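A quick write-up on the structure given underneath.
The values are calculated or read from the model by the stated rules, or taken from the named source; none is laboratory data. Bear in mind the structure is a predicted one, so any value in this text is a computation, not a measurement. Note: ideal-geometry Cβ built from the backbone for every residue, glycine included; neighbour counts use all protein chains shown.
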Amino acid sequence: MKYFHKINPGCYFLLMAIVLMVAGCAPSFVYSPSLDLPAKSVGKNNIQLNYGFIGLPETRPDDAGQKISWGTQGTARFGFSNSISGQLRIWKDGSDNVAKGRGGLSFGAIFMLNDSTSATRIGLGSIEGFVWDEKEVGGGGGMVPVIFWFPPSNHVSVYAAIGPAIGIRNLYASESKKHSSWGLGIITNAGVALYGVSVFQINAEMTGIFQLNNYDSVGHLILSPSISLSLNF
C-alpha cells in the first residue's frame with residue numbers, strides 16, 4: 001500500500017466548500033465546509049477514504065434556532081496525478097431537530113501550485129455541491145480555498161486554508177425570486193493530521209465561516225469543528 005505523495009483535492013471540498021443560504025421547505029439547510037486533508041497530498045492512483053463527525057453549519061441560523069447541527073460525513077479521494085486529485089463527499093444531519101432528511105453532496109478537486117520539494121506545499125481547491133431535505137433539493141453552491149500544508153514533524157501535519165464561497169437557493173424559481181436568494185461567505189480552515197506507518201490517519205479541524213445571507217439580510221460568524229478517521233491506499 002502506497003502512502004500519500006502529492007496532492008489532494010477534495011476539498012472539496014469544496015470547494016466545493018459550500019455555503020448555501022436561502023429559504024425553502026426546511027427553515028434551514030446544512031452544508032459541509034471542512035477539508036479534513038491528508039497529511040501528504042494524495043499521489044497518483046492513490047485513494048483516501050474518510051469518515052467522521054462534524055458540526056454542520058446552518059444556512060439560516062436564525063430560523064433554525066442554532067448555528068450548527070451535529071452530523072456525519074464521508075469522503076472519497078483519488079489521485080489522478082501527483083498534482084491533481086478529486087473528491088466526492090456526502091453528509092447528513094444526525095439530529096433531525098430542525099427538519100428531517102437534511103444533508104448534501106459535493107464534488108471537487110485540488111491542484112498543487114508548487115513543487116513537492118517545497119517546505120510548504122500550496123494548493124488551490126474547487127468544490128461544488130447541493131443541499132437537500134426529505135422533500136426537495138434546496139440549493140447549491142461552491143467554494144475556492146487556497147490551501148497550505150506546513151512542514152510535518154513527528155507524524156503531525158498542520159494545514160490551513162482560506163477562500164470565498166457562494167450559494168444560491170430556489171434553483172428553479174423565477175428570475176425575480178432568484179434575485180434575492182443567494183449568499184456569500186468566507187471560509188477559513190485550520191487542522192492537524194496525525195499519521196504513522198500504517199494506512200490510518202486521524203484529523204481534527206476547526207472551520208470558521210462568515211456568511212452573509214441576502215435572503216434575510218443578515219450575517220453570521222460560525223465555528224464548525226470536525227474529527228475524522230481515514231484509510232489511505
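Values for this structure:
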{"quantity": "Test result for Gly191, over 24 Å from Leu229 (Cβ atoms) and either crowded, with 18+ Cβ neighbours inside 10 Å or at pLDDT 95 or above (or both)", "calculated": "no"}
{"quantity": "The stretch 89-120, residues that are free of Cβ contacts under 8 Å to residues at least 60 places away in the same chain and under 15 Å from the mean Cα position of the chain (by Cα)", "calculated": "Ile90, Lys92, Leu105"}
{"quantity": "Residue within the stretch 147-156 that is small (Gly, Ala, Ser) and either crowded, with 24+ Cβ neighbours inside 10 Å or more than 25 Å from Leu229 (Cβ to Cβ) (or both) present", "calculated": "no"}
{"quantity": "Among the residues listed as Ser69, Ser81, Ser85, the single one being crowded, with 16+ Cβ neighbours inside 10 Å, farther than 18 Å from Gly191 by Cβ and either modelled with pLDDT of 90 or more or out of contact with any His (no Cβ under 9 Å at 6 or more places or on another chain) (or both)", "calculated": "Ser69"}
{"quantity": "Unmet criterion (only one of (1) over 18 Å from Ile166 (Cβ atoms); (2) touching a residue at least 60 places away in the same chain (Cβ under 8 Å)) for Thr59", "calculated": "(1)"}
{"quantity": "The stretch 203-227 - residue that is modelled with pLDDT of 95 or more and of a type in the set (Val, Ile, Thr) and, of those, nearest to Glu58 (Cα to Cα)", "calculated": "Ile222"}
{"quantity": "Test result for Gly74, farther than 30 Å from Asp216 by Cα and surrounded by fewer than 21 Cβ atoms within 10 Å (Cβ to Cβ)", "calculated": "yes"}
